[in-house]
Amino acid sequence: MSKFLVLNGPNLNLLGKREPEIYGDMTLTDIRERLRKRAAEAGVEIEFFQSNHEGALVDAVQNAEGSTEFILLNAAAFTHYSIALRDAIAAVSVPVIEIHLSNIHRREKFRHTSVIAPVVMGQVAGFGAESYLGALEIALMKLGAMKEAVR
Ligand code: DQA
């Protein structure tokens, strides 16, 4: 069975009560359940992990090598300055889709820069919880294409 890793960075454990006018009122558990349901329909297993700690996220990216087809990553604030996370993504061959609930490009200037953007496959931002679901659909399509190519 194919596996996708959904990784979430700092403060995303507070979704639902954290600045709901920006991030919406869905909790991370709600998002996880929606992803799990959709992935199950497509025969893909979802592993879900959230951490407020940079090193834990770096470990998770490193450990995904060989066991995971795709990483869906909302690196939260680490997006903007974690060279360690960027280097971990560049070090593994697992494709990564960058996710943001908010449209980081229309917010404060410091959020316009993503240090991980140059090493990910692409970015889905600005659609609230649907950013996760959209990224999942893209990963499912890409997985289908990858499987087709090796047939
Ligand atoms: C975020 C955007 C980041 O700038 C912010 O630090 C977050 C969440 C988003 O999902 O919109 O924590 O990644």
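The values are calculated or read from the model by the stated rules, or taken from the named source; none is laboratory data. Treat the numbers as computed from the prediction; the structure is a model and nothing was measured. Here Cβ is always computed from backbone atoms with ideal geometry, including for glycine, and neighbour counts include all displayed protein chains.
I need the full set of residues from the stretch 70-97 which are under 12 Å from ASN8 (Cβ atoms) and in contact with a strand residue (DSSP E or B) (Cβ under 8 Å, 6 or more places away or on another chain), in order please. Please lay out each step first, then the result.
Here is the first cut: in the stretch 70-97, the ones under 12 Å from ASN8 (Cβ atoms) are 71-79.
Selection gives ILE71, LEU72, LEU73, ASN74, ALA75, ALA76, THR79.
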Q: For the stretch 34-53, indicate whether the set of residues that are under 17 Å from PRO10 (Cβ atoms) and in a helix (DSSP H, G or I) is non-empty.
A: no
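Taking the stretch 83-118 as the region of interest, how many residues are touching a helix residue (DSSP H, G or I) at 6+ places or on another chain (Cβ under 9 Å) and within 11 Å of the ligand (Cβ to nearest atom)?
The total comes to 14.
Would you mind stating whether LEU85 is at pLDDT below 95 and touching a Phe, Trp or Tyr at 6+ places or on another chain (Cβ under 9 Å)?
So LEU85 does not fit the description; no.
Conditions tested, residue by residue: (1) in contact (Cβ under 8 Å) with a residue 40 or more places away in the chain; (2) more than 16 Å from the chain's Cα centre (by Cα); (3) surrounded by 13 or more Cβ atoms within 10 Å (Cβ to Cβ).
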residue: ALA84; (1), (2), (3): no, yes, yes
residue: GLU98; (1), (2), (3): no, no, yes
residue: LEU101; (1), (2), (3): yes, no, yes
residue: ILE104; (1), (2), (3): no, no, yes
residue: SER114; (1), (2), (3): no, no, yes
residue: PHE127; (1), (2), (3): no, no, yes
residue: LEU140; (1), (2), (3): yes, no, yes
residue: VAL150; (1), (2), (3): no, yes, no
Q) Quick one: GLN62 ticks every box in (1) part of a loop (DSSP other than H, G, I, E, B); (2) more than 15 Å from the ligand (Cβ to nearest atom) bar one, so which box is it? A) (1)
**Q.** Matching residues in the stretch 116-125 - criterion: being surrounded by 13 or more Cβ atoms within 10 Å (Cβ to Cβ) and in a helix (DSSP H, G or I)
**A.** ALA117, VAL119
**Q.** Tally of residues being touching a strand residue (DSSP E or B) at 6+ places or on another chain (Cβ under 8 Å) and under 15 Å from ILE99 (Cβ atoms) across the stretch 132-151
**A.** 8
Q.
Of the conditions (1) touching a residue at least 60 places away in the same chain (Cβ under 8 Å); (2) among the polar types (S, T, N, Q); (3) touching a helix residue (DSSP H, G or I) at 6+ places or on another chain (Cβ under 7 Å), SER67 satisfies every one except a single condition; which number is it?
A. (3)
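Filter the stretch 65-82 down to residues that are hydroxyl-bearing (Ser, Thr, Tyr) and within 15 Å of the ligand (Cβ to nearest atom) and give me whichever is surrounded by the most Cβ atoms within 10 Å (Cβ to Cβ).
Keep residues of the stretch 65-82 that are hydroxyl-bearing (Ser, Thr, Tyr), which gives 67-68, 79, 81-82.
Adding the requirement that they be within 15 Å of the ligand (Cβ to nearest atom) leaves 79, 81-82.
Details: THR79: 24, TYR81: 15, SER82: 21.
Per the stated criteria, the residue is THR79.
Going through the stretch 80-108 one residue at a time, which ones are closer than 20 Å to PRO20 by Cα and of a type in the set (S, T, N, Q)?
Applying the first criterion (closer than 20 Å to PRO20 by Cα) to the stretch 80-108 yields 99-108.
Within the stretch 80-108, SER102, ASN103 qualify.
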